[in-house]
Structure formats: structure tokens, C-alpha cells
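Read the figures in this text as sums done on the coordinates, not as results from a lab. For clarity, every value in this text was computed on a predicted model and none was experimentally measured. Ideal geometry is used to build each Cβ from the backbone, glycine not excepted, and the neighbour counts take in all protein chains shown.
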Amino acid sequence: DSGVTQTPKHLITATGQRVTLRCSPRSGDLSVYWYQQSLDQGLQFLIQYYNGEERAKGNILERFSAQQFPDLHSELNLSSLELGDSALYFCASSVSRGLHTQYFGPGTRLTVL
Amino acid sequence: GIQVEQSPPDLILQEGANSTLRCNFSDSVNNLQWFHQNPWGQLINLFYIPSGTKQNGRLSATTVATERYSLLYISSSQTTDSGVYFCAVETSGSRLTFGEGTQLTVNP
């Protein structure tokens with residue numbers, strides 16, 4: 001158990017819908033990262049937050065957005081869902097920015113039908 | 001951006017065998033991590049190893065930062081070692097860039 005929690009574990013929805021994935025980092029960790037794992041793209045970095053502020057953006061679509069709240073939990077919002085958004089979404093956390101181990105949550109498996 | 005290449009892409013072993021997985025990267029890195037993704041999809045941290053050698057039970061890892069590669073050694077493999085092994089590197093204080101992974105199958 002990494003100490004990072006993600007909910008829900010599984011999500012099945014339809015094209016065009018909007019979903020919210022939630023992540024609670026390990027106690028004491030200020031950085032939260034979101035990654036997407038799909039069959040064709042592999043594991044890709046989406047976005048990072050540090051202590052409530054966005055710090056880095058990767059290959060995140062405009063239809064996707066995220067935020068980190070004062071209690072440090074984070075949410076990833078996916079809207080206007082397409083079939084290709086079906087993937088495993090991971091949240092990771094670390095103590096600070098870089099030079100520290102990133103610990104990964106169990107992931108949310110999103111299926112868009 | 002940085003390129004991360006892992007080899008071999010697939011590896012099939014008999015229980016008890018030893019193996020070496022390799023990760024090459026194209027630029028200097030601040031952080032290098034090895035992960036095991038089990039059949040249920042969980043990504044499990046194995047090592048944080050930007051340089052040097054570490055051991056944890058039957059697993060050990062070595063990173064030679066000056067030559068831009070890292071090796072993961074698995075000794076006396078067990079069926080529970082099956083899954084995908086990922087190497088990931090970080091260069092700019094945030095994102096990890098993952099390799100394509102090595103799919104390991106250990107047969108009883």
C-alpha cells in the first residue's frame with residue numbers, strides 16, 4: 001500500500017459525459033501528479049500540482065482539467081468523453097518537487113462506451 | 001524530450017532463473033525509478049535510484065548515470081514476479097517519463 005488513495009476504482013460511462021477522478025496523496029506529500037496509461041500511448045504524464053498550484057503540464061487535453069484543494073487532495077475532471085479516453089488514470093504524490101520518490105495510487109480504470 | 005528505452009520488451013523465464021532488465025536514457029536525469037506493474041494494474045515502487053546500487057531482497061538495481069543506463073536484476077525468480085517492469089526518469093523537477101516496459105512471465 002503506497003498511501004495514495006484514488007476513487008473510484010472503476011468507472012464506466014458513455015461518450016460525451018463528464019467524470020471526476022479523486023486522489024488523496026500520502027500524508028505530508030505536497031506534490032500531486034496525474035498520469036494516463038493507455039494501450040497505444042503507454043504511461044504519460046498529464047499534470048502536476050504543488051501545494052495547490054499548477055506546476056507542470058504534459059500531454060493533457062483541453063477537455064481535461066485538474067485542481068488541488070487546500071487539504072491537498074486533487075481531482076481530475078474529464079469532459080466530453082471519447083472512446084479513446086478509456087485508460088487507467090494514476091495519481092502519484094511526492095514530498096516535494098523532483099528528487100523524491102513518486103508513490104503511485106492504485107489507479108482508476110475508466111471505460112468509455 | 002528525453003527518450004527512455006527498455007530491453008528486452010518481453011522475457012519468459014522458468015521459476016528460479018535470474019534475469020537482467022536494462023533501461024537506457026538519452027539525457028542526464030535527476031531521478032530514476034523502477035516499478036513493477038502487477039497483473040491487477042497496480043504500479044509498485046521498486047527502487048528510487050538516480051545513481052549507484054541498491055538491493056532489496058531478490059531484487060537489485062544499478063544506475064550508471066554517466067553512461068545513461070540502469071539495470072534491474074531479479075534473482076531466483078518466482079511466479080509472483082510476473083508483470084511489466086517500467087523504468088521512469090525525471091529531468092525537470094516534476095514529470096516522470098516512462099519507458100515502454102519489459103513484460104516478464106515466470107512459469108512454474
With only Lys, Arg, Asp and Glu charged, each at its Cβ (+1 for the first two, -1 for the last two), find how big the charge dipole of chain B is about the Cα centre; round to the nearest 20 debye.
220
Collect residues whose amide H, placed 1.01 Å from N in the peptide plane, falls under 5 Å from the amide H of B:GLU100; neighbours closer than 5 in sequence don't count.
B:GLN6
Out of residues 5 or more away from A:ALA66 or on other chains, whose amide H comes under 5 Å of its own, with H placed 1.01 Å from N in the peptide plane?
A:ASN77
Spelling out what I want: for every residue of the stretch B:27-38, take phi, set θ = phi - 60°, compute 6.51 cos²θ - 1.76 cosθ + 1.60 (Karplus), and round to whole Hz; glycine and proline get x.
8, 5, 10, 8, 9, 9, 10, 10, 10, 10, 9, 7
Cut-off 12 Å between beta-carbons: net charge of the residues surrounding B:GLN6, Lys and Arg +1, Asp and Glu -1
-2
Charge dipole of the protein assembly as shown about the Cα centre (unit charges at C-beta), most positive-ward option of A:THR15, A:PHE69, B:SER51:
A:PHE69
Once the other residues with Cβ under 9 Å from the Cβ of A:LEU78 are scored (Lys, Arg +1; Asp, Glu -1), what is the net sum?
+1
Cα convex hull of the stretch B:39-96: how many Å³ per residue?
93
Under a Cβ-only charge scheme (Lys and Arg +1, Asp and Glu -1), can you give me the dipole magnitude of chain A about the Cα centre, in debye to the nearest 20?
80
Size of electric dipole in the protein assembly as shown: Cβ of Lys, Arg +1 and of Asp, Glu -1, about Cα centre, debye, nearest 20
260
Got a sec to turn the phi values of the stretch B:64-76 into Karplus ³J(HN,Hα) couplings, 6.51 cos²θ - 1.76 cosθ + 1.60 with θ = phi - 60°, whole Hz, x for Gly and Pro?
10, 4, 5, 9, 6, 8, 9, 10, 10, 9, 10, 10, 6
